[in-house]
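Here the structure is laid out as structure tokens; the discussion comes afterwards.
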Amino acid sequence: MDYERILLTGAAGRLGSVLRKSLAPLARNLRLADASPISTQFGQEEIVTFDLADMKATLAACEGCDAIVHFGAVAMESSWQTILDSNIRGTYHIFEGARMHGARRVIYASSVHAVGYYKIEDQIGLDAPVRPDSLYGVSKTFGESLSRLYWDKFGLESVCLRMFSSFSKPRNRRMLWSYLSFEDCARLTEAALTAPRVGHTISYGLSDNKTKVVDNSGANHLGYTARDTAEPWREELEANTPVPDPRAPADKHLGGWFCDIGHPDDPD
């Protein structure tokens with residue numbers, strides 16, 4: 001699928017910085033957006049700086065874009081007001097901007113935290129009811145529901161990527177099963193953009209780790225094939241990081257330590 005212009009939100013973030021390079025061949029122009037300034041600019045890039053809570057600015061950034069890769073958000077549990085403004089209002093503004101300006105497809109960075117209260121052994125598929133582990137997780141289920149609505153009502157195609165742990169390398173034993181390499185993250189996003197038809201699709205974002213914790217077969221039509229695995233780091237992590245406690249919420253649930261934290265607005 002050939003794109004004239006792709007909007008990438010969260011372009012200054014950890015994953016946005018990776019996608020900035022991988023998306024370049026997929027469009028004639030790449031519009032980079034973030035609330036933080038982006039200092040460098042390459043030939044085919046445009047840079048816009050705004051807050052996703054600003055509806056007018058967000059709608060303007062969507063103009064002229066035939067695809068949007070929405071990775072901009074508060075990436076951790078935070079206060080309700082912060083989650084509301086950035087992750088909920090901001091995501092609505094993106095989908096509305098896509099609808100108003102005729103974008104063909106939105107790729108939405110959802111999260112494992114939308115289903116974080118499932119246990120590791122549950123082996124859930126893509127049709128499992130959501131079980132968010134935090135206000136952050138709730139914001140991701142909102143985005144998935146919005147994606148569903150905009151496909152059913154307005155015909156806007158979308159892919160919601162439930163990202164697990166995406167880093168340059170796994171950092172602890174949990175990531176032996178939750179790891180998503182930067183390269184596989186880029187492959188998954190590219191597959192979501194280039195698959196011929198996606199409608200409304202949800203996909204888990206994982207590398208080809210030895211321990212499988214979810215069934216992603218419902219997203220096979222994307223054509224994503226993971227090429228990386230956490231296995232090269234297994235010996236190091238098993239020797240140097242704590243053994244999981246199967247009774248601890250953080251160790252027995254998909255959401256990890258998000259299942260341990262309380263309400264972010266409670267006093268310390």
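Here, each number is a calculation from the coordinates, and none is a lab measurement. These figures come from a predicted structure and were not determined experimentally. Note that each Cβ is placed from the backbone with ideal geometry, even for glycine, and that neighbours are counted across all protein chains shown.
If I compute Cα extents along the principal axes in Å from the structure I just sent, which labelled value in (1) 50, 43, 39; (2) 87, 47, 41; (3) 71, 45, 35 lines up?
Only one listed value fits the structure, namely (1).
Amide H to amide H, which residues 5 or more places from Arg31 or on other chains are under 5 Å from it, using H placed in the peptide plane?
Ile6, Leu7, Leu8, Glu46
If you average over every viewing direction, what projected area does the convex hull of the Cα atoms of segment 158-249 give, in nm²?
Spelled out: convex hull of the Cα atoms, projected over all directions, averaged, 6.3 nm².
What translational D, rounded to a whole number of µm²/s, comes out for segment 137-191 from Stokes-Einstein when the hydrodynamic radius is the Kirkwood one over Cα pairs, at 25 °C and 0.890 mPa s?
For these conditions, the coefficient is 190 µm²/s.
Mind giving me the nanometre distance, one decimal, between the label points for Asn29 and Lys153, set 7 Å out from Cα along Cα→Cβ?
Taking the two extended label points, one gets 3.0 nm.
Ranked highest first by average number of other Cβ atoms within 10 Å, how do 224-232, 60-68 line up?
My ranking of the peptides, most packed first, is 60-68, 224-232.
Within the set Lys169/Lys210; Lys119/Lys212; Lys21/Lys56; Lys21/Lys140, which residue pairs have Cα atoms separated by over 21 Å?
Too far apart for the 21 Å limit: Lys21/Lys56; Lys21/Lys140.
For segment 1-134, report the convex hull volume of the alpha-carbon atoms normalised per residue, in Å³, without decimals.
In segment 1-134, the Cα convex hull volume per residue is 126 Å³.
Please give, to one decimal in nm, the separation of the simple spin-label points placed at Ser22 and Trp257, each 7 Å out from Cα toward the Cβ.
The answer from the label model is 2.5 nm.
Taking 0.36 nm per intervening residue step and subtracting the Cα-Cα distance, what contour gain separates Arg234 from Asp54 on full extension?
Result: 60.4 nm gained on full extension.
What's the extension gain from Thr40 to Asp122 if we count 0.36 nm per residue and subtract their Cα-Cα distance?
The span from Thr40 to Asp122 would gain 25.1 nm if fully extended.
Excluding Ala27 itself, what net charge comes from residues whose Cβ is under 14 Å from its Cβ, given Lys and Arg +1 and Asp and Glu -1?
+1
Check which residues have an amide H placed less than 5 Å from Arg131's amide H, if you skip close sequence neighbours.
Those qualifying (amide H under 5 Å, at least 5 residues apart or on another chain) are Val115, Gly116, Tyr117.
If each of Asp215 and Arg171 carries a label point 7 Å out from its Cα toward its Cβ, how far apart are those two points in nm?
Inter-label distance under the simple model: 3.2 nm.
So for each of 170-181, 256-267, 20-31 I average, over its residues, the number of other beta carbons within 10 Å; can you give me the resulting order with the highest mean first?
The packing order, highest mean first, is 170-181, 20-31, 256-267.
Taking 0.36 nm per intervening residue step and subtracting the Cα-Cα distance, what contour gain separates Asp245 from Arg104 on full extension?
Result: 46.2 nm gained on full extension.
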